[in-house]
Amino acid sequence: MKNSDLFYIEALHPLYEVVQSSGIFSDSKLFVDAIPKFSATEIIAAYDIIKATPTFNLKHFVETHFQLPETTASIYSSAQKNIDTHLNDLWNELTRNPAASGGTLIPLPYAYIVPGGRFREVYYWDSYFTMLGLQASKKIALIENMIDNFAFLINEVGFIPNGNRTYYLGRSQPPFFTLMVNLLREEKGDIILLKYQTAIEKEYQYWMKGADQLNNQHIAIDHVVLLAENSIMNRYWDAKAVPRPEAFAEDVHIAKGATRAPEIIYRHIRAAAESGWDFSSRWFTNSQDMATIQTSDLIPVDLNCLLLYMEQTLYHIYQLQHQVEAAQSFKTKMQQRQIAIQQFCWNPAHGCYFDYNILTGQQVVHFNLATVYPLFFNIASTVQAEQIATLIQQKFLRPGGVVTTIYTTGQQWDAPNGWAPLQWMTYKGLKNYGFIDLANAVKNNWLHNCEKVFSETGKMMEKYNVMDTTVAAGGGEYPNQDGFGWTNGVYLKMKAEQ
């Protein structure tokens, strides 16, 4: 796959900016997912000729020159079926075959699952939680197909993008690839680690790029940051500093309301999109004002737990191969990162892991479910786990599951919303440390919430209101979507858990 073989929405300048600023579509993602019927050069030439004519209609022009994507939300509703039948049938509805291509879509060699609704492409971190359900449904071949697609992307573009769209090529998402590989390893054994060794190594190199160039004058390069005592940790980062094509008008609007340069705002917005938590007051200086976004100034505890897991997996691979020197190198990296997570992110007074601000040299006291990652990955002490369990019980557990943060801001990754991936991470993290009753409370509250909404609507949703289960979840840049890949996956896997 060559870059020249791909279509970039920026090739439609200045039409692309005009359309995205016009409001002719209620969803900003619709146009960037459209398939051009002619070459970009031909479309722009036609636009230049007709745009100044008295009868010019922008929406008509777009509809004439592009194949707009279908809106498919209604096909996911299934009130006539029970929930288990619905979910297993949905795998077929959400499967996309490798022949699917066109427009900004990056073609993939194997079949894959899309989340549903407006999300018509594969998404990186979503896919791990989707795979949990595929495992419960015994669709192991599809899991392997999806992992092969991600390995393909790592080899072709150097990393796994946010999703398989060219407008996502500036960033990745939380690096769950190694967890996907280990999920498949549960089914097929250690041979799977060796199959994907090169891909894991390359992804690690992507996240650690520039680490050997860090010094006191250059403490941050791309995803890596040098902290005190020569600790190297990771942050979210996007290679581009322009508005996101899929949310062009929204980003421009936010930048206009900020006191900092637009390029700075765009970079932080994009980095938050890479985090998967787009958006949350977790990333804001002022919890009520997105213009104060500061994502790339923060060392996120969850991201660094994922990098630690990647290092642990590579260490295990090198041990399997009796590569003593490489294994020892990664053992050292693991130890250093685990110490750094405890040093920079743990707050004993609050009994919580917090993100660390590299500009202020202080933790950001913001209570959110990223604090469960050290429990999920078994790197918290028993005392730390007890404090976090108490925190979950007191601040996060609600009738419909665990709430993402304790702050109500209108952002979708804040109260009152709960999301499937964080229910799973919390549930498993608590189980790891023996808090079985609390883990089961999280599980049962979430399952009942999903079942209640399904009985009322016939749908599985992207997110849920966990504080008041009589009210639908909302907030964010777009309406709540149904389908829905990771909700289906976590529901099926949780229900199968004893």
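Annotations
- All positions within the range 82-124 that are of a type in the set (D, E, K, R) and surrounded by 15 or more Cβ atoms within 10 Å (Cβ to Cβ): Glu93, Arg96, Arg118, Arg120, Glu121
- Filtering the range 165-207 to residues that are in a helix (DSSP H, G or I), within 19 Å of Val490 (Cα to Cα) and under 16 Å from the mean Cα position of the chain (by Cα) leaves Phe177, Thr178, Leu179, Met180.
- Candidate set from the range 289-336 (those that are of a type in the set (Val, Ile, Thr) and assigned to a helix (DSSP H, G or I)); member that is surrounded by the most Cβ atoms within 10 Å (Cβ to Cβ): Thr295
- Of all residue pairs spaced 6 or more apart or on separate chains, those with beta-carbon atoms under 9 Å, a first member in the range 44-56 that is assigned by TED's automatic domain parsing to the domain that holds Ala11 and a second member that is surrounded by 10 or more Cβ atoms within 10 Å (Cβ to Cβ) and assigned to a loop (DSSP other than H, G, I, E, B) are Ile44/His13; Ile44/Pro14; Ala46/Phe38; Tyr47/Pro14; Ile50/Phe56.
- From the options Trp419, Trp424, residue that is assigned by TED's automatic domain parsing to the domain that holds Gln384, closer than 17 Å to Pro374 by Cα and buried (at least 23 other Cβ atoms within 10 Å of the Cβ): Trp424
- Residue within the range 214-231 that is surrounded by fewer than 23 Cβ atoms within 10 Å (Cβ to Cβ), in a helix (DSSP H, G or I), at pLDDT 95 or above and not assigned by TED's automatic domain parsing to the domain that holds Pro374 present: no
- Residue check, Val62 out of contact with any Cys (no Cβ under 6 Å at 6 or more places or on another chain), under 30 Å from Asn155 (Cα atoms) and aliphatic (A, V, I, L, M): no
- Of the residues making up the range 163-218, those that are among the polar types (S, T, N, Q) and under 30 Å from Tyr8 (Cα atoms) number 7.
- Subset of the range 393-404 [in contact (Cβ under 8 Å) with a residue 40 or more places away in the chain, surrounded by fewer than 24 Cβ atoms within 10 Å (Cβ to Cβ) and not basic (Lys, Arg)]: Gln393, Leu397, Pro399
- Hits in the range 144-156 (condition: in contact (Cβ under 8 Å) with a residue 40 or more places away in the chain and more than 18 Å from the chain's Cα centre (by Cα)): Glu144, Phe152, Asn155, Glu156
- The one condition in (1) over 21 Å from Phe176 (Cα atoms); (2) without any contact (Cβ under 8 Å) to a residue 40 or more places away in the chain that Gln294 fails to fulfil: (2)
- Among the residues of the range 393-419, the ones that are within 15 Å of Val453 (Cβ to Cβ), assigned to a loop (DSSP other than H, G, I, E, B) and not aromatic (Phe, Trp, Tyr) come to 3 in all.
- The residue list Ile388, Ile339 contains one member that is aliphatic (A, V, I, L, M) and either crowded, with 20+ Cβ neighbours inside 10 Å or in contact with a Lys or Arg (Cβ under 9 Å, 6 or more places away or on another chain) (or both), which is Ile388.
- Any hit, the range 430-438, residues being outside any helix (DSSP H, G or I), crowded, with 24+ Cβ neighbours inside 10 Å and in contact (Cβ under 8 Å) with a residue 24 or more places away in the chain: no
- Flag if Tyr204 is at pLDDT 95 or above, among the hydroxyl-bearing types (Ser, Thr, Tyr), closer than 30 Å to Val19 by Cα and touching a helix residue (DSSP H, G or I) at 6+ places or on another chain (Cβ under 8 Å): no
- Among the residues of the range 358-385, the ones that are surrounded by 16 or more Cβ atoms within 10 Å (Cβ to Cβ) and outside any loop (DSSP other than H, G, I, E, B) come to 12 in all.
- For the range 316-366, a residue qualifies if it is touching a His at 6+ places or on another chain (Cβ under 8 Å) and either at pLDDT below 95 or over 18 Å from Ala228 (Cβ atoms) (or both), and exactly one does: Val365.
- Output for the range 259-284, where each listed residue is in contact with an Asp or Glu (Cβ under 9 Å, 6 or more places away or on another chain) and either surrounded by fewer than 18 Cβ atoms within 10 Å (Cβ to Cβ) or on the phi > 0 side of the Ramachandran plot (or both): Pro262, Gly276
The values are calculated or read from the model by the stated rules, or taken from the named source; none is laboratory data. These numbers come from a predicted model, not from an experiment. Positions of Cβ are backbone-derived with ideal geometry, glycine not excepted, and every protein chain shown enters the neighbour counts.
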